[in-house]
1. Using the Kirkwood radius over C-alpha pairs as Rh, can you work out the diffusion coefficient of the stretch 243-287 via Stokes-Einstein at 25 °C, viscosity 0.890 mPa s, in µm² per second?
2. Alpha carbon centre of the stretch 292-360 versus the stretch 212-238: separation in Å?
3. How much of the DSSP bridge set in the chain is antiparallel, in percent, rounded to the nearest 5?
4. With +1 on each Lys and Arg Cβ and -1 on each Asp and Glu Cβ, and nothing else charged, work out how big the dipole of the chain is about its Cα centre, in Debye to the nearest 20.
5. With unit charges on the beta carbons (Lys and Arg positive, Asp and Glu negative) and the dipole taken about the Cα centre of the stretch 106-206, which residue among P151, T197, G186 sits farthest to the positive side?
6. Of E171, E29, E139, which is the most mobile in a GNM of the chain whose springs link Cα atoms less than 10 angstrom apart?
7. Given the whole protein assembly as supplied and a 1.4 Å probe, what does the accessible area of W262 come to in Å², nearest 10?
8. Which semi-axis lengths, in whole Å and largest first, follow from the square roots of five times the eigenvalues of the Cα gyration tensor of the chain?
Amino acid sequence: MKINLVMIVKNEGRSLERCLRSAEGLVDEMILVDTGSSDTTVEIARKMGAKVFSFAWVDDFSAARNFALEKSDADWNLILDGDEYLKGADRDKLETIIREKDGMWLGCITRYDLFRDDEGTSTSTAVLPRLLPKGVGYEGIIHEQPAGDYPWYKTGLEADHDGYLYQDKGERNLPYLKKAVKEHPGDGYYLFQMAYTLRNLKRYKESLPYFRKFYRLSGRKEGYRASGVVLYLYTLLDLDAGEYLDEAALVIEREEPVLGNWSDFCFVCGLFYMKRVLSDVGQYINLLPEIEKSYLKCLKLGEQPELGGVVGTGSFRASYNLGAWYEVSGQMDKALHCYQNAAREGYGPAVNRLKQRWQV
């Protein structure tokens, strides 16, 4: 069995050597296609023993991916970006997993994405099809996906990703996404990516029509849908007006039977109920118990990296928010217990709250 690493790169000098070192014990060859680097990317790739090819950029990520795949003669192709780093990859285990399954299928990795937020640096997870059998290529000019309707299976592979800490590609991606949405107006995936990109750029009102259309058009079997629903809800909460809370309430009611066992969904529900009560205490006082129930369910479900979402919604973030609710409602012993649980996991806001309120 031959397994190759296949990548497209441009100006990845900061991170490429670390990326390649993380994969070199897992793959037989490293195939890199450079799309116009002006830094040390090509030199690093060659120094690491990779086969390097050049591709003239044509505003189409799939075209570059497929050109790279054409240069590989492997049975399986592992796709990484230059700012992704495999963690503890084991070739024997991977081959065992591959041999256990028949037919055409795609292998998934769990990626841990570092990103900046109001608390400093946080982590989210995403499950992505990155191990492709020979003959499978890509489609889509942006946020490209493997072509064909094949089942996804876990491979046990995990990777860290730190690119969001150094570069925001939202503005770069917008023209591609606008073109994709125009050419494929009924494609829920492109609508989701457009909404997600605008949200990341804090253009919340502008993102909302795309979230609404994505929500109408995407099927519940689509792998991106759950994350899209949660981000849709966060956007409605960020807009923070009665009409948007009404909209969020309808989405939550509709999705709870489907997503109710996912900690990320339960976490945003907890935030919704807090905002709903505070918007009109007299009208929504009956929702007070839902705040506690939401965060307790997050903690019961625990962390679910294999489902994607923000790390902590099944642990320290839920503990902290539950503690904040207990503190506001005068249940100080419970608040202290929750803050201590979150602090033990190194959650900064909980550590700070314990110092401010309890001097510990």
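The values are calculated or read from the model by the stated rules, or taken from the named source; none is laboratory data. Keep in mind that what you see is a predicted model, and the values were worked out from it rather than measured. Cβ: placed from backbone, ideal geometry, glycine included. Neighbour counts: every protein chain shown. Just so you know, the surface numbers come from the protein's heavy atoms only, side chains and all, with ligands and any DNA or RNA stripped out. Shrake-Rupley method; radii C 1.70, N 1.55, O 1.52, S 1.80 Å.
1. Stokes-Einstein gives a translational diffusion coefficient of 225 µm²/s.
2. If you average the Cα positions of each part, the centres end up 26 Å apart.
3. 50
4. Working: 47 positive and 54 negative charges, 73 e Å.
That gives the chain a dipole magnitude of about 340 debye.
5. G186
6. E171
7. 20
8. Those come to 39, 24, 19 Å.
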